[in-house]
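See structure below.
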2 protein chains.
Amino acid sequence: MVTRAETAAATRRALVRAASELLDEGGTDAVTLRAVGARAGVSRGAPYGHFENKERLLARLTVDAWNSLADEVERLRAVPGRPGSRLERAVLALVGISRRRPHLYALMFSTPADTPEAAAAARRLERAFLAIVADVVGEADSLRYGALLMSSAHGIAGLERTGHLAEEKWRISGDQLVSMLIDGIVRSGARNTGSARGMAPG
Amino acid sequence: MVTRAETAAATRRALVRAASELLDEGGTDAVTLRAVGARAGVSRGAPYGHFENKERLLARLTVDAWNSLADEVERLRAVPGRPGSRLERAVLALVGISRRRPHLYALMFSTPADTPEAAAAARRLERAFLAIVADVVGEADSLRYGALLMSSAHGIAGLERTGHLAEEKWRISGDQLVSMLIDGIVRSGARNTGSARGMAPG
DNA sequence: TCGTTCGTATGACAATGTCACACGAACGAC
DNA sequence: GTCGTTCGTGTGACATTGTCATACGAACGA
């Protein structure tokens with residue numbers, strides 16, 4: 001027995017899946033509503049029954065990606081080990097999705113989190129990440145170091161993705177850059193515990 | 001007297017200028033060959049007499065931007081003052097162009113420097129930037145710190161541009177993040193002069 | 001002076017996002 | 001069980017855009 005709601009939900013899932021695959025395979029240009037419909041087994045106009053327009057469909061992909069990344073970072077919080085190594089893994093998680101799914105990553109950060117759903121997903125990730133940062137530098141400085149690490153991770157991911165961080169040229173890998181940052185922060189945090197105030201105050 | 005070569009060169013300049021303006025005003029979507037031609041006072045097909053296709057026209061914009069940024073950083077090298085403050089200004093120059101011309105910046109870093117001209121322009125910027133970095137951390141570590149600062153600057157610029165680094169949320173500005181980085185590097189460089197090896201070795 | 005060259009204008013075409021409209025089956029009320 | 005309704009879907013149509021083929025026309029060189 002197939003209710004109408006069930007088939008509609010299945011179609012919607014198929015559309016999202018098709019768009020996700022097409023994005024990974026050929027970038028944003030390859031995500032055509034006609035191609036999405038074809039891969040999902042429906043016509044070119046069917047997506048408009050589920051998404052206001054193409055932009056909304058792509059926004060759905062980014063929200064899912066934000067949430068999936070938030071899941072990953074939240075799980076990381078429970079991993080045993082030194083806080084510094086957890087933090088390093090969290091930063092590498094951000095860089096990792098850019099490596100595994102570059103087109104999706106570019107899409108995630110090509111636009112502000114303009115829908116409430118996207119904002120909530122982004123907040124989830126930020127909160128999970130900040131908790132891991134706080135375990136290293138303390139609550140008071142978690143925002144500053146969190147912003148710094150997120151920015152750097154984003155930059156490393158971006159430059160890697162476009163080949164501007166080629167290791168032959170800079171003699172250093174993205175992973176090593178992350179290590180530099182983490183070690184510098186851990187060390188500065190260890191130098192003046194108590195106030196937990198490394199580097200320069202704003 | 002207007003020779004044919006002169007008018008052609010003028011048209012080409014007008015096309016580049018029109019494309020640049022349209023990019024700043026409305027982003028990549030607004031850069032339509034028809035709109036470019038109209039603003040330049042020629043027809044929609046005229047650009048094909050000067051550029052292989054739309055992509056090449058946009059590539060011209062990015063090469064000019066890379067070179068202009070390289071000029072700026074090269075000039076910075078001669079500014080008197082402490083090396084650390086010069087370095088900070090150089091990093092802020094990278095972030096600055098993203099603030100002044102966000103669409104152009106996004107375009108610059110949306111693609112690898114695939115033409116020889118683009119690669120040369122990018123190399124100019126990197127070389128100028130590395131010289132300023134070397135004045136602070138020494139020649140031996142300039143590559144690692146240069147890569148780190150460029151990545152971080154790129155990330156700050158990117159997150160700022162898409163609103164993901166909103167100051168109300170993170171309680172810190174992009175400029176302050178740059179300060180944190182510079183101060184941390186200057187301080188770690190001062191801590192162990194001689195080997196000039198701050199933070200963790202790769 | 002005359003044929004050539006080359007920048008430009010125009011027509012045309014395919015691809016794409018989007019809307020209006022029509023069909024048809026699942027659905028709910030009786 | 002019947003019937004009008006709802007809603008997901010398919011299809012035709014249109015504007016926009018990148019791109020190419022072709023034609024025109026003025027500057028150029030012999």
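The values are calculated or read from the model by the stated rules, or taken from the named source; none is laboratory data. Since this is a predicted model, take the numbers as computed values, not measurements. Quick reminder, even Gly has a Cβ in these numbers, built from the backbone with ideal geometry, and neighbours come from all protein chains shown. Heads up: the accessible areas ignore ligands, DNA and RNA and are worked out on the full protein's heavy atoms, side chains in. Shrake-Rupley method; radii C 1.70, N 1.55, O 1.52, S 1.80 Å.
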Task: Matching residues in region B:7-37 - criterion: being over 23 Å from B:GLU117 (Cβ atoms) and either near DNA strand D (Cβ under 8 Å from one of its atoms) or surrounded by 15 or more Cβ atoms within 10 Å (Cβ to Cβ) (or both) - done: B:THR7, B:ASP29, B:ALA30, B:THR32, B:ARG34, B:ALA35, B:GLY37
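Residue-wise test of (1) of a type in the set (S, T, N, Q); (2) within 8 Å of another protein chain (Cβ to nearest Cβ); (3) surrounded by fewer than 19 Cβ atoms within 10 Å (Cβ to Cβ).
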| residue | (1), (2), (3) |
| --- | --- |
| B:ALA128 | no, no, no |
| B:ALA134 | no, no, no |
| B:VAL137 | no, no, no |
| B:ALA153 | no, yes, no |
| B:LYS169 | no, yes, yes |
Open item on the list: Go through region A:11-35 and report how many residues are in a helix (DSSP H, G or I) and either at pLDDT below 95 or not small (Gly, Ala, Ser) (or both).
Closed with: 15
- [ ] Identify, from the list B:ALA38, B:ALA65, B:ALA59, the residue that is within 16 Å of DNA strand C (Cβ to nearest atom), modelled with pLDDT of 95 or more, out of contact with any Gly (no Cβ under 7 Å at 6 or more places or on another chain) and part of a helix (DSSP H, G or I).
- [x] B:ALA38
TODO: Quick one: B:GLY198 ticks every box in (1) at pLDDT below 95; (2) within 11 Å of chain A (Cβ to nearest Cβ); (3) open to solvent by 20 Å² or more (accessible area, probe 1.4 Å) except a single one, so which number is it?
DONE: (3)
Open item on the list: Condition first: among the β-branched types (Val, Ile, Thr) and within 15 Å of DNA strand D (Cβ to nearest atom). Now tell me which residues in region A:42-64 satisfy that.
Closed with: A:VAL42
Open item on the list: So, in region B:86-118, exactly how many residues are without any contact (Cβ under 8 Å) to a residue 40 or more places away in the chain, farther than 22 Å from B:VAL31 by Cβ and open to solvent by 30 Å² or more (accessible area, probe 1.4 Å)?
Closed with: 2
TODO: Would you check which residues across region A:69-79 are surrounded by 13 or more Cβ atoms within 10 Å (Cβ to Cβ) and modelled with pLDDT of 95 or more and list them?
DONE: A:LEU69, A:ALA70, A:ASP71, A:GLU72, A:VAL73, A:GLU74, A:LEU76
Task: Checking B:GLU55 against (1) within 11 Å of another protein chain (Cβ to nearest Cβ); (2) closer than 24 Å to B:ARG17 by Cβ; (3) surrounded by fewer than 18 Cβ atoms within 10 Å (Cβ to Cβ), the condition it does not meet - done: (1)
